[in-house]
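J.: Here it is, the structure in full.
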Amino acid sequence: MNEQHNYKRKIFIVNKKYQFRYLFIIISTMLISVASVYFTTFYVIWSKVIDEFFFVPEASKKLAEIFVQTSQLLVIPILLLAAIFTVAGIILSHKVAGPIFRVERVAQELSKGNLDVKVKFRKGDELHELADSLNAMIDGIKSIVREDKDITIKLMRISDKLNEDVNKDKGLKKDVKDAVEELKIIVGKLKESTDKFII
């Protein structure tokens, strides 16, 4: 199972592009919802009230004052809601952006041939299944590379032994000598390839 850490987040904006896009969607949705409620409340209801009292000057003046006061009272809650949604959006987006950031770092290490890495997320982060899958994949690649290294070592021993035997007995056929040389080159390339991995 994936190892989990219990340390506190210190930086909440780790992937600006993703997190600000996420935040934009949240704030836009909130503002569209507030605008819909505002429109419904004020346009539909107030238009009926104003139509009813439009020809009564004192009543329409008083209703206009109430309309302005009500509109002004709604500004502070809307700004407060926007601030709450912004903070919540940053915290929630970090639960996805943080793991993505760590997966990118592990991928960079893997691209350098370092297979001695693990994907580790904090307890509250999302995408734990992805971390488990990536760790299983890394373990599988490690196993394959380890087997290849073992085979390479065995082939090198055989190649060295054959090379010694060929050099001792000058009477061996040229074809065998050429095959041994070709085997030695192939084993050298295979060793060079598998030595790039850190396991």
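Values quoted throughout were computed directly from the atomic coordinates according to the rules given, and no laboratory measurement underlies them. Here the structure is a predicted model, which means the values were calculated and not measured.
J.: So what's the Cα pair-distance distribution over region 127-199, bin width 10 Å, in %?
T.: 19, 33, 22, 14, 8, 4, 1
J.: Nearest 10 degrees, 0 to 90: what angle lies between the long axis of helix 174-194 and the longest principal axis of the chain (Cα atoms)?
T.: Orientation of helix 174-194: about 30 degrees from the principal axis.
J.: Quick one: what Rg and Dmax do you get for region 93-136 from the alpha carbons, in Å?
T.: 10.3, 31
J.: Pairs to check: Lys112/Lys189; Lys120/Lys142; Lys118/Lys154; Lys17/Lys112; Lys120/Lys196; Lys17/Lys118. Give those whose C-alpha atoms are more than 20 Å from each other in this structure. Walk me through the intermediate numbers first.
T.: Values: Lys112/Lys189 18 Å; Lys120/Lys142 17 Å; Lys118/Lys154 29 Å; Lys17/Lys112 26 Å; Lys120/Lys196 24 Å; Lys17/Lys118 25 Å.
In this structure, Lys118/Lys154; Lys17/Lys112; Lys120/Lys196; Lys17/Lys118 exceed 20 Å between Cα atoms.
J.: A further question on this structure: List the residues, sorted by chain then number, that are 5 or more residues from Arg122 or on another chain and whose placed amide H is less than 5 Å from its amide H.
T.: His5
J.: Separate question: When all alpha-carbon pairs of region 1-130 are counted, what percent fall beyond 18 Å? Provide the component values of the computation, followed by the final result.
T.: Working: 5729 of 8385 pairs.
For region 1-130, the fraction of Cα-Cα distances above 18 Å is 68 percent.
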